[in-house]
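This report concerns only the one structure given below.
The values are calculated or read from the model by the stated rules, or taken from the named source; none is laboratory data. Predicted model, so just to flag it, every value in this text is computed and none were measured. So basically every Cβ, Gly included, is an ideal-geometry build from the backbone, and we count neighbours across all protein chains shown. Just the protein is used for accessible areas: all its heavy atoms, side chains included, with ligands, DNA and RNA removed. Shrake-Rupley method; radii C 1.70, N 1.55, O 1.52, S 1.80 Å.
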Amino acid sequence: MKTSPIMILPVFFVGLALPLQADLDLYVSDFTVLNGTSGATGVWKNNTTGSSLGISLGISQSGGMVKPADGSGTASVVDDSFPWQALTPPLGTANPFDPHFDGDYINIETQQGETTTITLDFGAMITDPIISFTDVENRSTITFTDEFAVRASTSNLHFTTTTLSSNASVASGDNFTLFGKEAAGSIQFSGTFSQIVFTVFVGVPTPLDPDVGSNDRTGYVVSTFFEPMTLPTDPPPAPPFWIMYDQGTGNVTLSWILGDFEEIQMSDPTGLMNFMAIPDLDPGVVDSWTGSMSELGSKRFFRGTIPSS
(Lines give C-alpha, C1' and ligand atoms only; values in the text may rest on other atoms or scores of the structure.)
Protein backbone atom coordinates (compact mmCIF):
# COMPACT_ATOMS: atom_id res chain seq x y z
CA MET A 1 0.00 0.00 0.00
CA LYS A 2 1.38 3.44 -0.97
CA THR A 3 1.76 5.94 1.82
CA SER A 4 1.99 9.72 1.90
CA PRO A 5 4.12 11.38 4.60
CA ILE A 6 2.66 13.84 7.09
CA MET A 7 5.30 15.93 8.87
CA ILE A 8 4.91 16.70 12.56
CA LEU A 9 3.42 20.13 13.23
CA PRO A 10 2.36 20.52 9.58
CA VAL A 11 1.36 23.87 8.12
CA PHE A 12 -1.18 23.87 5.30
CA PHE A 13 -1.34 26.55 2.62
CA VAL A 14 -4.43 26.69 0.45
CA GLY A 15 -3.21 27.67 -3.00
CA LEU A 16 -5.51 29.23 -5.58
CA ALA A 17 -4.52 29.40 -9.24
CA LEU A 18 -5.46 32.90 -10.38
CA PRO A 19 -5.93 33.88 -14.01
CA LEU A 20 -2.92 35.65 -15.47
CA GLN A 21 -4.89 38.06 -17.60
CA ALA A 22 -8.42 39.20 -18.19
CA ASP A 23 -10.63 36.88 -20.16
CA LEU A 24 -12.25 38.25 -23.32
CA ASP A 25 -15.70 37.43 -21.94
CA LEU A 26 -17.77 39.47 -19.51
CA TYR A 27 -19.32 37.72 -16.51
CA VAL A 28 -22.28 39.30 -14.73
CA SER A 29 -24.57 38.67 -11.77
CA ASP A 30 -27.79 37.17 -13.11
CA PHE A 31 -30.33 37.57 -10.32
CA THR A 32 -33.42 35.45 -10.85
CA VAL A 33 -35.38 35.56 -7.57
CA LEU A 34 -36.16 38.35 -5.11
CA ASN A 35 -36.25 37.06 -1.53
CA GLY A 36 -39.13 39.24 -0.47
CA THR A 37 -37.69 42.59 0.58
CA SER A 38 -34.51 41.15 2.15
CA GLY A 39 -32.33 40.27 -0.84
CA ALA A 40 -32.03 38.40 -4.11
CA THR A 41 -30.39 35.24 -5.42
CA GLY A 42 -29.23 34.07 -8.80
CA VAL A 43 -26.25 32.70 -10.72
CA TRP A 44 -23.17 33.94 -12.52
CA LYS A 45 -23.68 34.24 -16.26
CA ASN A 46 -21.27 34.55 -19.15
CA ASN A 47 -22.81 37.67 -20.64
CA THR A 48 -20.88 37.22 -23.88
CA THR A 49 -22.32 33.77 -24.61
CA GLY A 50 -25.50 34.06 -22.52
CA SER A 51 -24.75 30.79 -20.71
CA SER A 52 -25.10 30.19 -16.98
CA LEU A 53 -22.03 29.07 -15.02
CA GLY A 54 -24.15 27.23 -12.48
CA ILE A 55 -22.48 29.13 -9.62
CA SER A 56 -24.96 30.69 -7.19
CA LEU A 57 -24.64 34.20 -5.79
CA GLY A 58 -26.77 36.45 -3.65
CA ILE A 59 -27.30 39.93 -2.26
CA SER A 60 -28.73 40.51 1.20
CA GLN A 61 -29.02 43.37 3.63
CA SER A 62 -29.56 44.26 7.24
CA GLY A 63 -31.82 47.26 7.46
CA GLY A 64 -33.40 48.78 4.40
CA MET A 65 -35.50 46.85 1.90
CA VAL A 66 -35.27 45.52 -1.62
CA LYS A 67 -37.85 47.16 -3.84
CA PRO A 68 -40.08 44.56 -5.54
CA ALA A 69 -40.14 43.84 -9.25
CA ASP A 70 -43.60 45.37 -9.51
CA GLY A 71 -43.19 47.41 -12.68
CA SER A 72 -42.96 50.72 -10.83
CA GLY A 73 -40.29 53.33 -11.41
CA THR A 74 -38.32 52.04 -8.42
CA ALA A 75 -38.73 48.33 -9.17
CA SER A 76 -35.82 45.91 -9.00
CA VAL A 77 -35.10 44.21 -12.33
CA VAL A 78 -34.37 40.48 -12.59
CA ASP A 79 -35.11 39.91 -16.29
CA ASP A 80 -31.85 41.26 -17.78
CA SER A 81 -33.62 44.36 -19.07
CA PHE A 82 -31.91 47.15 -17.12
CA PRO A 83 -29.75 49.17 -19.55
CA TRP A 84 -26.26 49.50 -18.09
CA GLN A 85 -25.67 50.71 -21.65
CA ALA A 86 -24.82 53.89 -23.54
CA LEU A 87 -27.60 56.40 -22.97
CA THR A 88 -29.33 58.19 -25.81
CA PRO A 89 -31.04 61.60 -25.81
CA PRO A 90 -32.97 62.86 -23.97
CA LEU A 91 -31.65 60.68 -21.13
CA GLY A 92 -28.05 61.48 -21.95
CA THR A 93 -25.33 61.35 -24.56
CA ALA A 94 -22.66 59.52 -22.57
CA ASN A 95 -22.51 56.60 -20.18
CA PRO A 96 -21.73 56.69 -16.47
CA PHE A 97 -21.29 52.90 -16.39
CA ASP A 98 -18.50 50.59 -17.49
CA PRO A 99 -18.81 47.84 -18.70
CA HIS A 100 -21.97 48.25 -20.80
CA PHE A 101 -24.61 45.55 -20.93
CA ASP A 102 -28.29 44.87 -20.34
CA GLY A 103 -28.67 43.13 -17.00
CA ASP A 104 -30.29 43.09 -13.59
CA TYR A 105 -30.76 45.86 -11.07
CA ILE A 106 -31.36 45.19 -7.37
CA ASN A 107 -32.80 48.41 -5.94
CA ILE A 108 -32.36 48.78 -2.16
CA GLU A 109 -34.11 51.50 -0.16
CA THR A 110 -32.72 53.03 3.05
CA GLN A 111 -34.80 55.32 5.25
CA GLN A 112 -33.53 58.78 6.14
CA GLY A 113 -31.41 58.72 9.31
CA GLU A 114 -30.78 54.98 9.04
CA THR A 115 -28.00 52.64 7.85
CA THR A 116 -28.28 49.55 5.65
CA THR A 117 -25.52 46.93 5.59
CA ILE A 118 -25.40 45.11 2.25
CA THR A 119 -23.57 41.86 1.56
CA LEU A 120 -22.73 40.70 -1.95
CA ASP A 121 -22.01 36.99 -1.57
CA PHE A 122 -20.34 35.92 -4.81
CA GLY A 123 -20.51 32.17 -4.14
CA ALA A 124 -17.14 31.99 -5.92
CA MET A 125 -13.73 33.65 -6.02
CA ILE A 126 -14.12 36.78 -8.13
CA THR A 127 -11.08 38.66 -9.44
CA ASP A 128 -11.25 42.46 -9.75
CA PRO A 129 -15.05 42.69 -9.32
CA ILE A 130 -16.90 45.72 -10.68
CA ILE A 131 -19.97 47.15 -8.95
CA SER A 132 -22.18 49.47 -10.98
CA PHE A 133 -24.65 51.60 -9.03
CA THR A 134 -27.32 54.24 -9.60
CA ASP A 135 -28.96 57.15 -7.83
CA VAL A 136 -26.84 58.16 -4.83
CA GLU A 137 -27.89 61.42 -3.19
CA ASN A 138 -25.56 63.90 -1.49
CA ARG A 139 -27.14 63.11 1.91
CA SER A 140 -26.20 59.45 1.40
CA THR A 141 -22.79 57.85 1.89
CA ILE A 142 -21.88 54.36 0.65
CA THR A 143 -18.86 53.02 2.54
CA PHE A 144 -16.79 49.97 1.56
CA THR A 145 -14.25 48.08 3.66
CA ASP A 146 -11.91 47.73 0.65
CA GLU A 147 -10.46 50.42 -1.59
CA PHE A 148 -11.71 50.84 -5.14
CA ALA A 149 -11.03 52.81 -8.31
CA VAL A 150 -13.73 54.60 -10.31
CA ARG A 151 -14.11 53.26 -13.86
CA ALA A 152 -16.89 55.61 -14.97
CA SER A 153 -19.39 57.97 -13.35
CA THR A 154 -21.64 60.96 -13.66
CA SER A 155 -19.81 64.27 -13.28
CA ASN A 156 -21.28 64.87 -9.81
CA LEU A 157 -19.89 61.75 -8.14
CA HIS A 158 -18.06 62.58 -4.91
CA PHE A 159 -15.75 59.80 -3.75
CA THR A 160 -12.73 58.78 -1.72
CA THR A 161 -10.93 55.44 -2.01
CA THR A 162 -13.64 53.78 0.12
CA THR A 163 -16.75 56.04 0.00
CA LEU A 164 -19.30 57.28 -2.53
CA SER A 165 -21.78 60.14 -2.52
CA SER A 166 -23.01 63.02 -4.68
CA ASN A 167 -21.58 66.52 -4.56
CA ALA A 168 -25.16 67.90 -4.79
CA SER A 169 -24.65 69.49 -8.20
CA VAL A 170 -26.65 68.61 -11.28
CA ALA A 171 -24.67 66.25 -13.48
CA SER A 172 -23.22 68.49 -16.18
CA GLY A 173 -21.23 68.20 -19.36
CA ASP A 174 -22.77 64.86 -20.17
CA ASN A 175 -26.48 65.79 -20.23
CA PHE A 176 -27.45 63.17 -17.66
CA THR A 177 -30.88 64.65 -17.14
CA LEU A 178 -32.04 61.28 -15.85
CA PHE A 179 -29.87 61.57 -12.72
CA GLY A 180 -30.18 65.26 -11.83
CA LYS A 181 -28.35 65.83 -8.53
CA GLU A 182 -27.94 62.11 -7.92
CA ALA A 183 -24.70 60.34 -8.83
CA ALA A 184 -24.10 57.01 -10.57
CA GLY A 185 -21.13 55.03 -11.80
CA SER A 186 -19.01 51.89 -11.80
CA ILE A 187 -16.20 51.10 -9.36
CA GLN A 188 -13.63 48.30 -9.47
CA PHE A 189 -11.87 46.47 -6.66
CA SER A 190 -8.38 45.01 -7.02
CA GLY A 191 -7.82 41.45 -5.88
CA THR A 192 -9.85 38.28 -5.42
CA PHE A 193 -13.00 38.28 -3.28
CA SER A 194 -15.66 35.80 -2.19
CA GLN A 195 -17.87 38.62 -0.94
CA ILE A 196 -18.00 42.39 -0.54
CA VAL A 197 -19.77 44.08 2.38
CA PHE A 198 -20.66 47.78 2.47
CA THR A 199 -22.97 50.19 4.25
CA VAL A 200 -25.40 52.86 3.04
CA PHE A 201 -26.12 55.73 5.43
CA VAL A 202 -28.83 58.25 4.54
CA GLY A 203 -28.36 61.42 6.53
CA VAL A 204 -30.96 64.00 7.52
CA PRO A 205 -30.23 67.26 5.67
CA THR A 206 -30.20 70.50 7.67
CA PRO A 207 -32.28 72.37 6.74
CA LEU A 208 -34.63 69.77 5.32
CA ASP A 209 -34.46 69.54 1.52
CA PRO A 210 -37.88 69.76 -0.13
CA ASP A 211 -36.49 68.06 -3.23
CA VAL A 212 -35.84 64.72 -1.49
CA GLY A 213 -38.17 62.26 0.15
CA SER A 214 -37.95 60.23 3.34
CA ASN A 215 -35.55 57.66 1.87
CA ASP A 216 -32.89 57.06 -0.75
CA ARG A 217 -32.71 54.13 -3.18
CA THR A 218 -29.70 52.76 -5.02
CA GLY A 219 -29.54 49.88 -7.50
CA TYR A 220 -26.61 47.49 -7.95
CA VAL A 221 -25.15 44.95 -10.35
CA VAL A 222 -21.80 43.10 -10.34
CA SER A 223 -19.54 42.13 -13.24
CA THR A 224 -16.00 40.92 -13.91
CA PHE A 225 -13.77 40.16 -16.88
CA PHE A 226 -12.33 37.10 -15.12
CA GLU A 227 -14.19 33.81 -15.02
CA PRO A 228 -15.53 33.12 -11.49
CA MET A 229 -13.71 30.26 -9.78
CA THR A 230 -15.35 27.81 -7.43
CA LEU A 231 -14.53 28.33 -3.78
CA PRO A 232 -11.55 26.31 -2.49
CA THR A 233 -12.31 23.55 -0.02
CA ASP A 234 -10.41 23.20 3.21
CA PRO A 235 -7.70 20.52 3.21
CA PRO A 236 -8.41 17.46 5.35
CA PRO A 237 -6.99 17.86 8.84
CA ALA A 238 -3.77 16.03 9.61
CA PRO A 239 -4.08 13.22 12.17
CA PRO A 240 -3.01 14.46 15.63
CA PHE A 241 0.67 13.73 16.34
CA TRP A 242 2.34 14.80 19.58
CA ILE A 243 5.98 14.91 20.63
CA MET A 244 7.24 15.56 24.17
CA TYR A 245 10.79 15.83 25.55
CA ASP A 246 11.44 15.06 29.21
CA GLN A 247 14.53 17.00 30.19
CA GLY A 248 14.82 15.09 33.45
CA THR A 249 15.11 11.67 31.82
CA GLY A 250 16.45 12.77 28.44
CA ASN A 251 13.68 10.82 26.69
CA VAL A 252 11.54 11.78 23.71
CA THR A 253 8.00 10.39 23.66
CA LEU A 254 5.81 10.31 20.55
CA SER A 255 2.07 9.73 20.79
CA TRP A 256 -0.82 9.54 18.32
CA ILE A 257 -4.40 8.32 17.97
CA LEU A 258 -4.40 4.55 17.60
CA GLY A 259 -4.78 3.47 14.00
CA ASP A 260 -4.39 6.91 12.36
CA PHE A 261 -0.94 6.15 10.88
CA GLU A 262 0.48 3.45 8.65
CA GLU A 263 4.02 3.94 9.95
CA ILE A 264 5.92 6.16 12.38
CA GLN A 265 9.21 7.11 10.76
CA MET A 266 12.38 8.86 11.89
CA SER A 267 15.15 10.52 9.92
CA ASP A 268 18.82 9.63 10.10
CA PRO A 269 20.80 11.44 12.85
CA THR A 270 21.98 14.25 10.53
CA GLY A 271 18.67 15.97 9.90
CA LEU A 272 15.61 16.01 7.64
CA MET A 273 16.48 13.13 5.28
CA ASN A 274 16.44 9.35 4.83
CA PHE A 275 13.26 8.62 6.79
CA MET A 276 12.81 5.02 7.83
CA ALA A 277 10.10 3.27 9.83
CA ILE A 278 10.93 2.82 13.51
CA PRO A 279 11.66 -0.92 13.78
CA ASP A 280 9.10 -3.20 15.42
CA LEU A 281 6.60 -0.36 15.88
CA ASP A 282 2.99 -0.82 14.71
CA PRO A 283 1.01 2.42 15.22
CA GLY A 284 -2.17 0.45 14.69
CA VAL A 285 -1.46 -1.58 17.83
CA VAL A 286 0.23 0.93 20.15
CA ASP A 287 -0.26 4.69 20.46
CA SER A 288 3.11 5.85 21.82
CA TRP A 289 6.84 5.28 21.56
CA THR A 290 9.75 6.48 23.70
CA GLY A 291 13.42 6.87 22.74
CA SER A 292 16.51 8.27 24.44
CA MET A 293 18.04 11.51 23.16
CA SER A 294 21.48 10.10 23.94
CA GLU A 295 20.85 7.40 21.35
CA LEU A 296 18.71 9.37 18.90
CA GLY A 297 20.90 12.48 18.67
CA SER A 298 19.82 16.11 18.67
CA LYS A 299 18.94 16.34 14.94
CA ARG A 300 16.46 13.48 14.61
CA PHE A 301 13.08 14.21 13.01
CA PHE A 302 9.88 12.16 13.17
CA ARG A 303 6.78 11.83 11.00
CA GLY A 304 3.72 9.66 10.59
CA THR A 305 2.47 8.33 7.25
CA ILE A 306 -1.13 7.65 6.31
CA PRO A 307 -2.50 5.43 3.52
CA SER A 308 -3.09 7.30 0.27
CA SER A 309 -6.17 6.67 -1.79
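For the peptides 73-85, 221-233, 134-146, residues were scored by their other Cβ atoms within 10 Å and the scores averaged per peptide; the highest-first order is 134-146, 221-233, 73-85.
Please give the net charge around Ile59, taking every other residue with its beta carbon less than 11 angstrom from that of Ile59, where Lys and Arg add +1 and Asp and Glu add -1. Computed value for this residue: -2. Taking all protein chains into account, the per residue accessible area for segment 34-186 stands at 40 Å² (1.4 Å probe). Over segment 231-309, accessible surface divided per residue gives 63 Å², non-protein components excluded, 1.4 Å probe.
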